[in-house]
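To keep things clear, I will list the structure first and then write my remarks on it.
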Amino acid sequence: MSAAAMDGVLATGNRRRASAILVGLVLASLLLLWLGAAVGSTGFESLMHLNDDAVSRQIVMQIRLPRTLGAWLAGALLGLAGAVAQGLFRNPLADPYLLGSASGATLGGALAMVWMGVSPASASLLARLGITGVAFAGASGAVLLTLMLARGAQHTLRLLLAGVIVGVVLGAARDLVELGSPEILQAMQAFTLGTTAFVGWAAVGMMLASWLLCSVTALALARALDGLTLGEATAASLGLPLAPMRAGLIAAMALATGTAVAHTGLIAFVGLAAPHLVRSMVRVTHPWHVMLSACMGAVLLLAADVLARWLIAPQELPVGVLTAALGGSYLLWLMHRRMAHAGGLS
């Protein structure tokens, strides 16, 4: 069998495996959506009396279901943003948090709450649009500032250092906003810990619209990500308009991050872990990778949200704290395993 035929067989096998993983993630999502509608302070009782009790119906339909769908969508947005960031900057450690967009989105959310005098828990649809818009502007500005400081995306180490610096500076600016407006401290605490408790149907609609827009944009521009895996010069030699394609991908990443942060706050490791887990399962082109990373991020965050509600019920843990603990532990274990493997080979 020729090398070209072998490559074709491998590509077909990878696509089939990717399709099987996608089906598995969809099934896992459906199971978790059912669990999310069932888990809460009143337990499974509300779900069992859904048809014959108005209070149970309100708990499930107006609180649990939008929150569960919101967790899925926020995870999908973060997973998509992580896949775009890692492909765009050719670095498996890149995610929205390392590039400063999450800090920019949080600063934008804080400024929007001060200007509008609202919090995510009580904001109307118009106010939520404003918070999301300012969060998106903050995320976009943070990424652009990072790129300016790093003088482009060619030097990975300089890019990551610039992202860390931008994140720290914008975090300090957010702290100053909080000190000057103590009335938003409680809402900002929920932002920094990460929670889905404030997600309602209006937020679900906005996150769904944002996810669809970002998905269409990322899939349409995924050829640039495939080209960049071969190197900057090779991608340019393929005739790809890299500058506008990069701008579109950065806009999609910023909108995804800004929307997720505006409604659920800072939730760590989802954008980093989801693409990494997909790569560990299957190697595919970026259209598949972006789609699978979004679904993987959705499953990860929804599973963490259900676990956060169940562990100490009727109370609950902030889901951002849980994802940080589990994600950090996973990365430490992975680093330890790779170091042990490298030591065994030496």
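The values are calculated or read from the model by the stated rules, or taken from the named source; none is laboratory data. Just so it is clear, the structure is predicted and the values come from calculations on it, not from any experiment. All Cβ positions, glycine included, derive from the backbone under ideal geometry; neighbour counts span all protein chains shown. Keep in mind that these areas ignore ligands, DNA and RNA; they rest on the heavy atoms of the full protein, side chains included. Shrake-Rupley method; radii C 1.70, N 1.55, O 1.52, S 1.80 Å.
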For region 170-183, give me the residue count where each residue is open to solvent by less than 90 Å² (accessible area, probe 1.4 Å) and among the hydrophobic types (A, V, I, L, M, F, W, C).
4
Please state which one of 179, 219 is touching a Pro at 6+ places or on another chain (Cβ under 6 Å) and more than 20 Å from residue 71 (Cα to Cα).
219
Among the listed residues 307, 331, 322, 326, which satisfies the condition of being touching a helix residue (DSSP H, G or I) at 6+ places or on another chain (Cβ under 6 Å) and not polar (S, T, N, Q)?
322
Quick one: which residue in 292, 266 is assigned to a loop (DSSP other than H, G, I, E, B), in contact (Cβ under 8 Å) with a residue 40 or more places away in the chain and in contact with a helix residue (DSSP H, G or I) (Cβ under 9 Å, 6 or more places away or on another chain)?
266
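Take the conditions within 19 Å of residue 258 (Cβ to Cβ), at pLDDT below 85, open to solvent by less than 30 Å² (accessible area, probe 1.4 Å) and not aromatic (Phe, Trp, Tyr) and apply them to residue 152. Does it pass? Show your work before the answer.
Values: within 19 Å of residue 258 (Cβ to Cβ): no; at pLDDT below 85: yes; open to solvent by less than 30 Å² (accessible area, probe 1.4 Å): yes; not aromatic (Phe, Trp, Tyr): yes.
No: the conditions fail for residue 152.
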Filter region 245-261 down to residues that are in contact with a Leu (Cβ under 9 Å, 6 or more places away or on another chain) and either more than 26 Å from residue 196 (Cβ to Cβ) or part of a loop (DSSP other than H, G, I, E, B) (or both) and give me whichever is least open to solvent (accessible area, probe 1.4 Å).
249
Using the structure shown, decide if residue 325 is part of a helix (DSSP H, G or I) and either touching a Pro at 6+ places or on another chain (Cβ under 7 Å) or crowded, with 23+ Cβ neighbours inside 10 Å (or both).
no
Could you please let me know if residue 282 is modelled with pLDDT under 85, of a type in the set (Val, Ile, Thr) and within 20 Å of residue 299 (Cα to Cα)?
no
Residues of region 217-236 being surrounded by fewer than 19 Cβ atoms within 10 Å (Cβ to Cβ), in contact with a helix residue (DSSP H, G or I) (Cβ under 9 Å, 6 or more places away or on another chain) and part of a helix (DSSP H, G or I), in sequence order, are 219, 220, 223, 226, 232, 234, 236
List every residue pair whose Cβ atoms lie under 9 Å apart, where the two residues are 6 or more positions apart in sequence or sit on different chains, the first residue falls within region 228-252 and is within 30 Å of residue 132 (Cα to Cα) and in contact (Cβ under 8 Å) with a residue 12 or more places away in the chain, and the second residue, located anywhere, is among the aliphatic types (A, V, I, L, M) and surrounded by fewer than 13 Cβ atoms within 10 Å (Cβ to Cβ).
252/216
Looking at (1) in a helix (DSSP H, G or I); (2) touching a residue at least 60 places away in the same chain (Cβ under 8 Å), find the lone condition where residue 199 falls short.
(1)
